[in-house]
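Quick notes on the structure that follows.
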Amino acid sequence: MCGIVGVLGRHEVAPILVEALKRLEYRGYDSAGIATVQDGVLDRKRAVGKLVNLSDALVHDPLAGKSGIGHTRWATHGGPTVTNAHPHQAGRVAVVHNGIIENYRELRARLDHRTFVTETDTETVAQLCEDYLDQGMTPRDAATETLKHLDGAYALAFLFEGEDDLIVAARKGSPLAIGHGEGEMFVGSDAIALGPMTNLITYLEEGDYAFVTRDGVEIRDAEGRLANRETRTIPAQSTQLDKGGHKHFMAKEIFEQPVVLSDCLGHYATADGVSIPGEVDFAQVDRVSLVACGTAFYAASVAKYWFEQLARLPCDVDIASEFRYREPPVSDKSVALFVSQSGETADTLAALRYVQEKAAKILAVVNVPESSIARESDLILPIQAGVEVGVASTKAFMNQLGVLANLAILAARQRGTIDAAREAELLTALRAMPGLINQALALEDQVVKHTAKLSEAHSVLFLGRGPMFPLAMEGALKLKEISYIHAEGYASGELKHGPIALIDKSVPVIVLAPKDALFDKTVSNMQEVMARDGRVWLVTDADGAAEAGDGTWATLILPKVDPILAPMLYAVPAQLIAYHTALHKGTDVDQPRNLAKSVTVE
Ligand code: F6R
């Protein structure tokens with residue numbers, strides 16, 4: 001998703017802006033640009049593609065000035081061209097924007113006396129503001145008046161000609177952080193962008209706008225009243241962006257999983273079992289509704305099996321973009337649970353707003369406790385994964401599962417559906433998980449042996465049963481998003497209802513199947529594939545491998561694990577398969593094409 005930075009500095013600002021934009025690269029973008037004010041004059045430089053193109057342009061034609069704004073754009077309205085890249089300038093004002101101005105057509109029509117040069121919604125913000133400047137308003141008033149006319153979601157930063165000491169920043173629906181320095185001030189989409197400059201951060205709240213000068217910041221709420229917002233010191237490790245010796249952030253994040261999962265489990269463990277930071281009585285609840293997108297949706301889908309099997313609690317799981325428009329009835333005895341790494345996903349947030357005032361309690365399983373989804377929930381359940389930079393989610397998925405497993409065990413205890421012995425067994429199995437994940441990571445070399453061949457495939461199927469079915473879909477998502485190989489995840493039993501038509505020797509089938517009560521049925525499905533010349537890569541445990549017998553193309557043997565928690569362990573080979581296949585294909589693993597880390601538009 002787009003990234004914003006702003007600097008009122010003491011030194012030349014262009015290199016600082018580009019460095020800060022580099023730290024926002026992980027969010028995904030397809031063009032970038034900066035604007036500065038030098039001797040009162042506004043100037044800008046923009047480039048399509050990676051930031052190196054902008055840096056090159058700046059080498060040939062530098063931008064001077066100690067005040068500036070910058071942006072990485074992920075195209076929504078209008079393709080990724082230099083003209084559509086931010087900052088957008090209209091006369092004396094330049095604007096960078098994250099989000100969508102929903103009434104931009106209406107505003108454009110109202111401003112038909114002005115000349116528009118881009119296809120973007122954002123240009124209307126700059127043109128409207130310039131219109132107010134033309135009417136004689138000061139920059140502060142013109143920006144404030146502009147904000148009153150914008151519908152939609154935005155984080156915005158305005159820079160003005162003739163104003164070397166002012167950035168106007170605004171937040172509605174997209175987060176924005178103000179950074180405090182010594183005689184300098186900063187604006188950023190997140191604290192990570194500002195990490196090397198300052199760790200003293202004030203987050204704007206919904207509807208806030210701010211006048212930032214080198215002396216400090218004046219924040220006003222949506223009604224224009226002076227607002228006091230807390231300034232906090234962000235721990236250095238939360239803004240650190242380093243690959244820890246790995247080739248990619250994704251690899252680092254895969255290998256970090258034993259540690260971050262351990263931290264997460266520790267956060268929810270007490271001597272008496274599970275504890276969460278707040279009150280929920282699942283014994284009084286008639287239903288759990290889980291809502292999420294993408295990988296978080298697959299974590300939620302695994303949790304459905306856990307809530308139903310362990311806590312005997314009816315459970316729906318929905319893709320947020322479907323849920324919000326389906327207008328499902330919501331019981332006032334239900335718990336609504338929103339799962340989101342970023343906590344900013346537009347559809348998930350909108351779905352949350354739909355259940356507000358309807359569900360008995362709203363829970364947020366998030367990685368960013370300051371996020372919009374967290375703020376609007378009754379109870380925040382942090383996943384404690386640390387910053388996830390790779391666009392393809394790995395450690396956040398693992399820790400979402402960690403939190404959801406704890407929650408399902410708590411629900412089961414409160415509802416009396418598991419006895420103390422089973423609870424202790426599950427908690428012991430969870431505690432053992434980081435160690436098992438380490439063992440799975442040690443199998444990387446065995447995974448690598450087969451990924452060269454896999455990278456030649458045009459299509460790959462993943463199969464799983466029970467809680468491994470959503471993991472099969474997650475494995476397919478991981479593979480397709482970073483290697484661009486078409487992949488689908490199916491319930492093993494569904495194979496013969498259609499997808500088996502695809503099977504021949506060119507379509508590898510990856511079967512994720514611990515030896516559980518249904519394993520023999522999965523073996524039958526594998527036989528059906530192999531009988532049609534299909535190549536099966538079986539991921540199982542030693543007992544499963546023994547029962548499956550010969551005939552597979554590859555078999556990866558994982559340690560034994562309680563079958564209900566198996567998706568946590570089996571996620572690791574699925575991630576490694578995707579990662580190494582993508583390496584063979586030479587794709588951009590950390591920033592796959594067309595994808596953004598946090599999807600703040602519908
Ligand atoms: C895939 C991936 C996405 C996200 C989805 C939801 O690897 O990362 O599918 O899971 O965009 O994002 P969050 O969890 O931030 O709501």
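Summary of computed values
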| read-out | value |
| --- | --- |
| Hey, residue 282 away from the ligand (no atom under 16 Å from the Cβ) and touching a residue at least 60 places away in the same chain (Cβ under 8 Å) or not | yes |
| Those residues of segment 469-488 which are touching a Leu at 6+ places or on another chain (Cβ under 7 Å) and either farther than 17 Å from residue 591 by Cβ or more than 14 Å from the ligand (Cβ to nearest atom) (or both), in sequence order | 471, 472, 475, 485, 487, 488 |
| Residue in segment 377-404 that is least open to solvent (accessible area, probe 1.4 Å), counting only those that are touching a Lys or Arg at 6+ places or on another chain (Cβ under 8 Å) and either more than 15 Å from the ligand (Cβ to nearest atom) or under 23 Å from residue 331 (Cβ atoms) (or both) | 379 |
| Top-ranked residue of segment 351-376 - restricted to ones that are within 12 Å of the ligand (Cβ to nearest atom) and within 17 Å of residue 318 (Cβ to Cβ), ranked as surrounded by the most Cβ atoms within 10 Å (Cβ to Cβ) | 365 |
| Residue in segment 485-497 that is in contact with a Lys or Arg (Cβ under 7 Å, 6 or more places away or on another chain), crowded, with 20+ Cβ neighbours inside 10 Å and either part of a strand (DSSP E or B) or touching a residue at least 24 places away in the same chain (Cβ under 8 Å) (or both) present | yes |
| Test: residue 131 is in contact with a His (Cβ under 9 Å, 6 or more places away or on another chain), under 23 Å from residue 68 (Cα atoms), modelled with pLDDT under 95 and not β-branched (Val, Ile, Thr) | no |
| Every pair of residues 6+ apart whose Cβ atoms lie under 9 Å, when the first sits in segment 361-388 and is over 20 Å from residue 285 (Cβ atoms) while the second is open to solvent by less than 10 Å² (accessible area, probe 1.4 Å) and of a type in the set (Asp, Glu) | 367/388; 385/253; 386/253; 388/253 |
| Lone unmet requirement of (1) away from the ligand (no atom under 16 Å from the Cβ); (2) in contact (Cβ under 8 Å) with a residue 12 or more places away in the chain; (3) of a type in the set (A, V, I, L, M); (4) in a helix (DSSP H, G or I) for residue 501 | (2) |
| Test: residue 213 is polar (S, T, N, Q), out of contact with any Cys (no Cβ under 9 Å at 6 or more places or on another chain) and either modelled with pLDDT under 95 or crowded, with 18+ Cβ neighbours inside 10 Å (or both) | no |
| Residue among 598, 524, 506 that is small (Gly, Ala, Ser), modelled with pLDDT under 95, open to solvent by 20 Å² or more (accessible area, probe 1.4 Å) and not in a helix (DSSP H, G or I) | 506 |
| Top-ranked residue in segment 15-74 [being more than 26 Å from residue 343 (Cβ to Cβ), among the acidic types (Asp, Glu) and touching a Gly at 6+ places or on another chain (Cβ under 9 Å); ranked as least open to solvent (accessible area, probe 1.4 Å)] | 43 |
| Residue within segment 138-145 that is open to solvent by less than 20 Å² (accessible area, probe 1.4 Å) and at pLDDT 95 or above present | yes |
| Segment 563-588, subset part of a loop (DSSP other than H, G, I, E, B) and at pLDDT 95 or above, residue most open to solvent (accessible area, probe 1.4 Å) | 586 |
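The values are calculated or read from the model by the stated rules, or taken from the named source; none is laboratory data. Please read all numbers here as calculations on a predicted model, not as lab measurements. Methodologically, a virtual Cβ is constructed for each residue, glycine included, from the backbone with ideal geometry; neighbour enumeration extends over all protein chains shown. To get the accessible areas, we keep the full protein, side chains included, count just its heavy atoms, and leave off ligands, DNA and RNA. Shrake-Rupley method; radii C 1.70, N 1.55, O 1.52, S 1.80 Å.
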